[in-house]
1. Could you tell me the distance between the Cα centroids of the range 156-215 and the range 413-456, to the nearest Å?
2. Within the range 68-214, what percent of beta bridges assigned by DSSP are antiparallel, to the nearest 5?
3. Quick one: check the C-alpha center-to-center distance for the range 101-155 versus the range 235-272, whole angstrom.
4. If I take every Cα pair under 8 Å that is 6 or more residues apart in the range 1-158, average their sequence separation and divide by the length, what percent do I get for the relative contact order?
5. Loop only by DSSP, 10 or fewer other Cβ within 10 Å of the Cβ. Give me the trypsin sites (Lys or Arg not before Pro) in the range 182-263 that pass, ordered by residue number.
6. From the helices alone, meaning DSSP H stretches of at least four residues, give me the mean residue ellipticity at 222 nm for the chain, per-run term -39500 (n - 2.57), in deg cm²/dmol to the nearest 500.
7. Please give me the summed charge of the neighbours of Pro35: other residues whose Cβ is under 14 Å from its Cβ, Lys and Arg +1, Asp and Glu -1.
8. Would you tally the net charge around Ile186, using a Cβ to Cβ cut-off of less than 12 Å, leaving Ile186 out, and scoring K and R as +1, D and E as -1?
Amino acid sequence: MKELNKLFDRIIQRVNINLRELEFDVNPLVSNLIPTQQMTKFYAFYGLTPHHPLNFVFRHSNLSGSYFLGKVRVTNSLLYKSDIRGDELKKKGDLFQYQDFNIPVDQDEEITIDDSFLIKTLVHNFSHDPETLETFFVRDTVSTHYANIHGSPSDGCFMGPFSTVDLTTMRDCVVGAYSYVQAGEISHLNIEPGTVWVRLPDEFNFMYRFPSDLLTSYIYFKPGNIPQGIFMDFVEDRKAAFEQVFNIVNFKAPVTVPDSASVDRFAVIKPKTTIGDNVLVAQRAFLQNSTLGKGANAQENCYIINSVLEGNDVTAHGAKIIEADLGKTVFVGFNSFLRGRPNARLKIGPECIIMPHTIIDISKPLVVPPGHLVWGLIENANDLEANSISLKDLSKIETRMCKGRMLFEGSGKTFVTGFQERIHHILEANGAFFANVTNNRGHAQRNQNISFNTIQPYPKGDDKTGLYPTIIIQP
């Protein structure tokens, strides 16, 4: 394990050098998170389909339990049970629109991960930085449990558990636990835990911060300890179910899956679950006693339990829906936690937008009216009133609005329109609008026949260093 430890020290040193101006030391936070023996315990998986480029290169790295799809290169990195999903990378000849520019893509885009330690992290989508069209880079970065790096090149950063950086290039930044950032480009920032920040320069700025004393019951992360709280307990309670699906060679979904839908073989599907047409269920999703109507999806690390999604509902990466009924075209943002109770159902009307990193945790029935934006921490009807607004009313805002702990500045119409267009794009990309063999194919149709190469470290002898052998998979 000497080589594994040397690589860990190399990564920590490089990250700390980048974060020196913030006087932030990542070593106490991550040195005991993953025991060395765990890093040599699990295989890695590379997905093969006729629809995604065959191009995977890794050198001097450990890939324990991680999942890869598309064009990916990993060098001098440790990846533990992470998902590197390159199925939406830009292709040679594409035109990337940025402001008034249409920029041609010169070669197929690649996810490159260098000198980084990713723990149960999702990396997905493509770079939205016009300066790095062909490379979606993650370098000199440490990312902890259930964080999302979504369309966000990262250089010299630390991400706390259940954090998300979305469509944002970040350099030399610390993103605290359960913070969500979509801000275009950030550098040299230390973002406090529980911050939800959405910004489009010169157009709008949305800012909310969770009360720290209440957030700690959901997620708490301090040096020398693994992440703790309700979120971690919820995931750990269902850990055994995932161990079973990863140990099965020939997987068959225990429920009927329509020809136009797909269920990843590394998802957990419990009985009494119904899958509708054009549904996409991604790897590491968990469904139990639930109905996903036509065009709905459950993305990576999502949990949908005892719930009904009427149709065209988006459950973004890491979101959890328990004892809830969702009308059509409801968007549930990254790492949101929506928990009703068997005798206190949560009902969300159609066309609602549940902001990323929203917590709704109720003990009495609660109804969210149609067409509303919801954010923050909600435990009852009074909280809902303080942490929601109709999309119609928000669209009328042109200057500034404060509501509870939320501050909005700028054009509400631009904010709402941008969100609605993005939801439509997600549904389109996932194949929710698929109608026939050639019309509107998406991930739900293209991912139906993925096969997997398994990759593992040397089992014994002088080469048993904890690192995987250098492998190049190309056409």
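1. 26 Å
2. Working: 10 of 54 bridges.
Of all bridge pairs located within the range 68-214, approximately 20 percent are antiparallel.
3. Computed from Cα coordinates, the inter-centre distance equals 28 Å.
4. On the way: 365 pairs, mean separation 31.3, N = 158.
So the answer I get is 20 percent.
5. Details: sites: Arg199, Arg209, Arg238, Lys239, Lys252; in loops: Arg238, Lys252.
Here the trypsin sites (Lys or Arg not before Pro) that fit, given the DSSP loop and packing criteria, are Lys252.
6. Details: 9 runs with 73 residues, N = 475.
Roughly -4000 deg cm²/dmol at 222 nm, from the helical runs in the chain.
7. It works out to a net charge of +2.
8. Details: positive: Arg171, Arg199; negative: Asp129, Asp155, Asp166, Asp172, Glu185.
Value of the local net charge: -3.
The values are calculated or read from the model by the stated rules, or taken from the named source; none is laboratory data. None of these values were measured; they are calculated from a predicted model. Cβ coordinates were reconstructed from backbone atoms using ideal geometry, including for glycine residues, and neighbour counts include every protein chain displayed. Each accessible area value is taken on the protein alone, full model and side chains, heavy atoms only, with ligands, DNA and RNA left out. Shrake-Rupley method; radii C 1.70, N 1.55, O 1.52, S 1.80 Å.
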